[in-house]
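Q: Below are the structure tokens for one structure; questions will follow.
The values are calculated or read from the model by the stated rules, or taken from the named source; none is laboratory data. Remember, it's a predicted structure, so these values are computed and weren't measured experimentally. Here the Cβ positions follow ideal geometry from the backbone for every residue, glycine too, while neighbour counts run over all protein chains shown.
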Amino acid sequence: MRIAILDDYQNVALSLADWASLGAEIEVFTEHIADRAELVRRLSGFEVVVAMRERTPFPADLLAELTDLKMLVSTGQRNASIDVAAASERGILVTYTGYLPHPTAEHTWALILAAMRNLPVEECSVREGGWQRTIGRSLAGATLGIIGLGRLGSRVARIGQAFGMRTIAWSQNLTPEKAAEHDVTAVSKVDLLRESDVVTIHLVLSRRTRGLIGAAELAAMRPQAWLVNTSRGPILQEAALLEALRERWIGGAALDVYDQEPPPADHPLRTMPNTVLTPHLGYVTRDVYEVFYGDAVANIAAYQAGEPIRVMRP
């Protein structure tokens, strides 16, 4: 058996699970392969491919060219970049691994705190020989608006409450009773945008959430409010966000996810002063990777033994 491990940027996959137990030929790809023809060429002959989240998409036309592929392992329980129906039609098993929600919730707060205290500017100032340049904002007494009060959003709410923040939330299916279970007040989307000092997004990317936050929503926010996204880039309408940042409709945006990852080197977000930007680090922690790669090995071992495997459904 030949196994390809894709997009292992830090080159740590082999050290975080017992791959040797599989008795397979394993190749690790530490650099992202964006060119379609090159990807097909490099993956030729591999029976199993381990994909790290959505870093490499697997649409139907790509799957049709990977004629040796029998099993695709997705780290995490959802992967919008894999055409699961097309894979199923071709007899390719698409399996998934476990996941830990707390690192992304923690990273959300790293972004919020960095934004409120202007940490990127101040850190650079100290390194360049400077000193205090900005005035920060306190969280106690401020309003945290959470779009999506699921596993991640509810964790983010608890931390906000520990800071003394008022916590409000909205999503298409959120009820007042469900919000109250987390000591959060359910409000309308418009009220959330109008009342929040920080708006943070915790939704799954789907047809109804793609482009959910556009020009009208950004214009409804407070001029000093910050928008935080550790979910998926396309939930925000990027052109509208860029306009809002340029025209100072909002205080700023703290982003861990983007429409294209990584964004082009000349992408305007990279030079926007009212942003805090990180390279999709929400899930990039050792404990999450141990779950990802440990479960990937277990799934492949079950496949080798002909045992039941957890498979994504179209």
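Q: Can you tell which of Asp256, Asp197, Asp191, Asp266 is free of Cβ contacts under 8 Å to residues at least 12 places away in the same chain and either in contact with an Asp or Glu (Cβ under 7 Å, 6 or more places away or on another chain) or outside the structural domain of His32 (by TED's automatic domain parsing) (or both)?
A: Asp266
Q: In segment 291-314, which residues are loosely packed, with under 12 Cβ neighbours inside 10 Å, part of a loop (DSSP other than H, G, I, E, B) and either touching a His at 6+ places or on another chain (Cβ under 7 Å) or at negative phi (or both)?
A: The answer is Glu307, Pro308, Arg313, Pro314.
Q: Pull out all pairs, ordered by first then second residue, where Cβ-Cβ is under 7 Å, the residues are six or more apart or on different chains, the first lies in segment 40-69 and is in contact (Cβ under 8 Å) with a residue 24 or more places away in the chain, and the second is surrounded by fewer than 19 Cβ atoms within 10 Å (Cβ to Cβ) and hydroxyl-bearing (Ser, Thr, Tyr).
A: Cβ pairs passing all conditions: Glu54/Ser81; Pro57/Ser81; Phe58/Ser81; Asp68/Ser44.
Q: Here's a follow-up. Check segment 43-54 and report whether any residue there is over 30 Å from Ile159 (Cβ atoms), among the aromatic types (Phe, Trp, Tyr) and touching a strand residue (DSSP E or B) at 6+ places or on another chain (Cβ under 7 Å).
A: yes
Q: Taking Ile146, is it free of Cβ contacts under 8 Å to residues at least 60 places away in the same chain and surrounded by fewer than 22 Cβ atoms within 10 Å (Cβ to Cβ)?
A: The answer is no for Ile146.
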